[in-house]
Amino acid sequence: MQTSLFSFDSAGDSLDDKIRECKKCGLWKTRTHAVPGEGGFRKKVMFVGEAPGKWEDIKGRPFVGAAGKYLDELLATIGLSRDDVYITNIVKCRPPNNRDPTDEEIRACAPYLEWQIEHMRPRVICPLGRFSAKFILEKFGFTMKSITAAQGKIYRGDIIIIPMFHPAAALYHGKWKPELEKAFATLKSVLDDMEN
Ligand code: URA
């Protein structure tokens, strides 16, 4: 893994404060709240979504809208809850009207996610959706042709990566739901193997 472009002096809380005050790209001008992430500090599994939406921006918490409710349901299918994992996004502020994040915004925000990965040391990262899957796979030396080809596969390295369809995309394209549910079952089998 590359090292962060800049380093932070102390643990998660101070990073969260830095994210809440961040002005490294233009998204601070339209945000209500930046959304650093939520969950346990050193959990085995980290989910990385794309960027906060309307409700996440209002509440300052990740995945609290319809996609978040579905994510909670998916976690429950494998016996997990939010407290068992860490949930964050590749871009920590809402792009206006939920447009796709730009390369520049992803680049500006990436050091925060890099810090979270380095310090929280997840054993498994599940990128949700194409932006996050591409960023995470490339960061760990893999290439991604498309999210449809990558999702549900297990990429093994120092950290195991299981890219998944974004829950919002699966809600929109109902035919992706079984694939996403299968990817959660794959995550469960990977976690079960770690126990043995
Ligand atoms: N979609 C995301 O990618 N992240 C959130 O936090 C909410 C919706």
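The values are calculated or read from the model by the stated rules, or taken from the named source; none is laboratory data. Everything numeric in this text was worked out from a predicted model, so none of it was measured. Neighbour counts run over all protein chains shown; Cβ positions are idealised from the backbone, glycine included. Only protein heavy atoms, including side chains, enter the accessible area calculation; ligands, DNA and RNA are left aside. Shrake-Rupley method; radii C 1.70, N 1.55, O 1.52, S 1.80 Å.
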Selection status of residue 42, in a loop (DSSP other than H, G, I, E, B), among the charged types (D, E, K, R) and at pLDDT below 95: yes
Every pair of residues 6+ apart whose Cβ atoms lie under 8 Å, when the first sits in segment 174-196 and is of a type in the set (D, E, K, R) while the second is part of a loop (DSSP other than H, G, I, E, B): 179/151; 179/152; 179/165; 182/152; 188/78; 188/79
Residue, nearest to the chain's Cα centre (by Cα), within segment 42-59, restricted to residues that are open to solvent by less than 20 Å² (accessible area, probe 1.4 Å) and either under 24 Å from residue 102 (Cα atoms) or within 8 Å of the ligand (Cβ to nearest atom) (or both): 48
Matching residues, segment 31-60, being under 25 Å from residue 191 (Cα atoms) and hydrophobic (A, V, I, L, M, F, W, C): 41, 45, 46, 47, 48
Residue among 29, 18, 23 that alone is at pLDDT 90 or above and within 18 Å of residue 88 (Cα to Cα): 18
Pairs, first closer than 13 Å to residue 169 by Cβ in segment 142-156, second surrounded by fewer than 18 Cβ atoms within 10 Å (Cβ to Cβ) and of a type in the set (Asp, Glu), C-beta under 7 Å, six or more apart: 151/179
Test set (1) touching a helix residue (DSSP H, G or I) at 6+ places or on another chain (Cβ under 7 Å); (2) in a helix (DSSP H, G or I) - residue 101 fails condition number: (2)
Residues of segment 73-100 satisfying the condition of being among the hydroxyl-bearing types (Ser, Thr, Tyr) and touching a residue at least 24 places away in the same chain (Cβ under 8 Å): 77, 86, 88
Residue list for segment 60-83, filter: within 12 Å of the ligand (Cβ to nearest atom), part of a loop (DSSP other than H, G, I, E, B) and over 20 Å from residue 105 (Cα atoms): 64, 65
Helices (runs of 4 or more DSSP H) wholly inside segment 114-196 containing at least 3 residues that are over 15 Å from residue 48 (Cβ atoms) and of a type outside the set (A, V, I, L, M): 177-195
